[in-house]
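A short worksheet on the structure shown next.
The values are calculated or read from the model by the stated rules, or taken from the named source; none is laboratory data. Computed from a predicted structure; not experimentally measured. Ideal geometry is used to build each Cβ from the backbone, glycine not excepted, and the neighbour counts take in all protein chains shown. Note: accessible area is taken over every heavy atom of the protein model, side chains too, but ligands, DNA and RNA are not part of it. Shrake-Rupley method; radii C 1.70, N 1.55, O 1.52, S 1.80 Å.
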Amino acid sequence: MSGGHSGSGPDGQGARSGARRDLNFRRPSIARVYDYVLGGRDHFEIDRKAAHSFLNVVPEAGQLAKDNRHFMRRSVRFMVAEAGIRQIIDIGSGLPTAGNVHQVAHEIDPSVRVVYVDNDPMVLAHARAMLDDDTTTVITSDLRTPEAIFDDPETHKLIDTNQPFGVLIAGILHHLSDEDDPAGIAAEVKDRLSPGSYLAICNFLGEEPRARELERGFLDGLGSGRFRTWDENRAYFDGLEMVPPGLVHANKWRPDEDTAKDHSVETLYVGGVGRKP
Ligand SMILES: C[S@@+](CC[C@H](N)C(=O)[O-])C[C@H]1O[C@@H](n2cnc3c(N)ncnc32)[C@H](O)[C@@H]1O
């Protein structure tokens, strides 16, 4: 799946984006750096440079993006196939790539409704071009103001928040600073979940020395990327019933045939799914 936009970025190559004035080309973008690390085409020189500020520290760190993506897909399959969820809000959805949430969900049930949310307007531009049915939409909004996401009329068109729904926050809370109060934001999201809803979260884990070095690389190059402890990550799920096996290294969460096995950086990433009682 691709955005279908054409045009060149400031470096005359790379990202396929419309030359929209509200798009940020002067600073690296999390979405474009992630796309680069995943092997996509929607990035500029400034993003590649940012990526190498952490890839130079731990060259295998690109695997974390793949692990994140696979965890996200497994959590969607769980929600739809096992937990009966038929509506999902994907916060920090990223630039469309292969195996997006609605595609994974629609393999199980084509009627599943999905709202994609990202604070990067380039995501909106690309996602709009590829969304072609009325089960899926995309909005530009920020995780740091959850009420704006849940109260958006576009969200309400597809999500009945009185019924159980799924929320994905895959690979974003670690891009919030401590001052942003990520645990407080997770609490606000949990407050908006109806009983029987599910929340999937995955993040960097900072329990070993190389995590501190990687964090430095992320902060220097991208300006965000905190590697938090088990306890800090566990706190995001306070008040929820954890779906077995709980919060674990992301590749140990219900692995399937696509899950990478025992690679050198898997202890730097955690994931879990909780259910609102
Ligand atoms: C690492 S990517 C993860 C993409 C996707 N969730 C996945 O699992 O493949 C993080 C995404 O979160 C978005 N993002 C970062 N901070 C955000 C915020 N405060 N609110 C909404 N989106 C945010 C970025 O623009 C980027 O697209």
Extension gain (nm, one decimal) between Glu241 and Arg27, 0.36 nm per residue minus Cα-Cα: 73.1 nm
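Order the peptides 52-64, 25-37, 177-189 from the highest to the lowest mean number of other Cβ atoms within 10 Å of their residues.
25-37, 52-64, 177-189
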Largest-first ranking of His156, His70 by accessible area, probe 1.4 Å, whole protein assembly kept, is His156, His70
For the chain, convex hull volume per residue from C-alpha positions, Å³: 118
Hey, can you find the accessible area per residue of the range 200-254 for me, probe 1.4 Å, expressed in square angstrom? 43
Would you please state which residues of the range 213-255 a label at Asn56 would reach in this model, taking the label point 7 Å out along Cα→Cβ and a backbone N cut-off of under 19 Å? 213-225
Taking the Kirkwood radius as the inverse of the mean 1/r across Cα pairs, report the Rg/Rh of the range 208-269. 1.02
For the range 82-89, Karplus-derived ³J(HN,Hα) couplings (6.51, -1.76, 1.60; θ = phi - 60°; whole Hz; x for glycine and proline) come out as 9, 9, x, 6, 10, 8, 9, 10
In whole percent, and with a 1.4 Å probe on the protein chains, what portion of the accessible area of the range 48-147 is carbon and sulfur? 47
May I ask which residue of Val167, Gly92, Val123 lies farthest towards the positive end of the charge dipole of the chain, with charges of +1 (Lys, Arg) and -1 (Asp, Glu) on Cβ and the Cα centre as origin? Val123
Share antiparallel - DSSP beta bridges, the range 61-275, percent rounded to 5: 35
